[in-house]
Amino acid sequence: MRTPIIAGNWKLNKTISEAVALTTELRDLVAGSKGVEIVVAPPFTALDAVSKVVNGSNIRLAAQDVYWEDSGAFTGEVSVPMLKDIGCDYVIIGHSERRQYFAETNQTVNQKVQAALSHNLKPILCVGELLEEREAGHTEKVVESHVTGGIKGLIETELLSCVIAYEPVWAIGTGKTATPDQAQDVHKYIRDLITNTYSKDVASQICIQYGGSVKPENAAELMTQPDVDGALVGGASLNAESFAQIVKHAL
Ligand code: PEP
């Protein structure tokens, strides 16, 4: 039985005081929710303050990116030990915005995944095709390369510490959600890929969440799909009420 994970990616939003207010409201709204892993990913500057608000609650903390070296002359970067120190349990890796605007590749994604796992930080590995790739019939090929490239070299136990987030790029921040059938097809494809490269047992345990314009209005239908194990939420996670409603749809 897989526990669904609802994660909020706040992207480049929220000052420290705004982040504390949002998290405090959310913490009260989701208090007592069980059977779902609730995660928030504020910007780096707000991680420490949000960590204090979620301490002792049922909300886990994630960062939105990480570097693969532990320390050294890498100006502007943040390492896995730093994120652990601040209270993170998860880190989003390979989000399409990082692939698109910051030259993230399958290779750098894999280095980050490996670094995170080496310090028990759980990667949320984002994969997904562009609109033109879908229209050209290349969805499976792109998703396969993102998944296999991102998890390259992982042993079974390491893979099971990862969450895979299928996020069709054409559905991110556009209001265009994949239909439940479109999401299910790709989630099943990913699970079958894991069956073929690892085992049926591993594939049946790994959590695969959907992301792309998830809102309270569409969350329930997406999450009733057999291979959809929760959601990675951008815009709707910036409002505590909306995010809490999505959490309730996962229960
Ligand atoms: C995201 O950024 O991961 C995302 C899914 O954004 P949105 O929910 O706004 O489409």
Is there a residue in region 1-17 that is open to solvent by 70 Å² or more (accessible area, probe 1.4 Å), under 30 Å from Asp201 (Cβ atoms) and among the hydrophobic types (A, V, I, L, M, F, W, C)?
yes
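Please verify whether region 213-220 includes one or more residues that are assigned to a helix (DSSP H, G or I), under 20 Å from His95 (Cβ atoms), open to solvent by less than 60 Å² (accessible area, probe 1.4 Å) and within 15 Å of the ligand (Cβ to nearest atom). Even if it seems obvious, please write down each step before you answer.
Step one: of region 213-220, the residues assigned to a helix (DSSP H, G or I) are 216-220.
Of the ones still in play, those that are also under 20 Å from His95 (Cβ atoms) are 219.
Now narrow it down to the ones that are open to solvent by less than 60 Å² (accessible area, probe 1.4 Å): 219.
Those left that are additionally within 15 Å of the ligand (Cβ to nearest atom): 219.
Yes, because at least one residue in region 213-220 is assigned to a helix (DSSP H, G or I), under 20 Å from His95 (Cβ atoms), open to solvent by less than 60 Å² (accessible area, probe 1.4 Å) and within 15 Å of the ligand (Cβ to nearest atom).
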Scanning region 157-191 for residues that are open to solvent by 50 Å² or more (accessible area, probe 1.4 Å), closer than 19 Å to Asp229 by Cα and either within 16 Å of the ligand (Cβ to nearest atom) or among the acidic types (Asp, Glu) (or both) gives Glu158, Thr179, Asp181, Gln182, Asp185
Among (1) closer than 24 Å to Ile5 by Cα; (2) free of Cβ contacts under 8 Å to residues at least 40 places away in the same chain; (3) acidic (Asp, Glu); (4) not in a helix (DSSP H, G or I), Glu129 falls short only on (2)
Checklist entry - Taking the condition open to solvent by less than 30 Å² (accessible area, probe 1.4 Å), among the aliphatic types (A, V, I, L, M), within 28 Å of Ser118 (Cβ to Cβ) and more than 10 Å from the ligand (Cβ to nearest atom), does Val202 pass? => result yes
Over region 35-57, the set of residues under 19 Å from the mean Cα position of the chain (by Cα) and charged (D, E, K, R) is Glu37
Given (1) open to solvent by 50 Å² or more (accessible area, probe 1.4 Å); (2) farther than 21 Å from Gly235 by Cα, Ser79 misses just (1)
Scanning region 30-53 residue by residue, those open to solvent by 10 Å² or more (accessible area, probe 1.4 Å) and among the hydrophobic types (A, V, I, L, M, F, W, C) turn out to be Ala31, Val36, Phe44, Ala49, Val53
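The values are calculated or read from the model by the stated rules, or taken from the named source; none is laboratory data. Because the structure is predicted, anything quoted here is derived from the model rather than measured. Note that each Cβ is placed from the backbone with ideal geometry, even for glycine, and that neighbours are counted across all protein chains shown. Please note that ligands, DNA and RNA were not included when accessible areas were found on the heavy atoms of the full protein model with its side chains. Shrake-Rupley method; radii C 1.70, N 1.55, O 1.52, S 1.80 Å.
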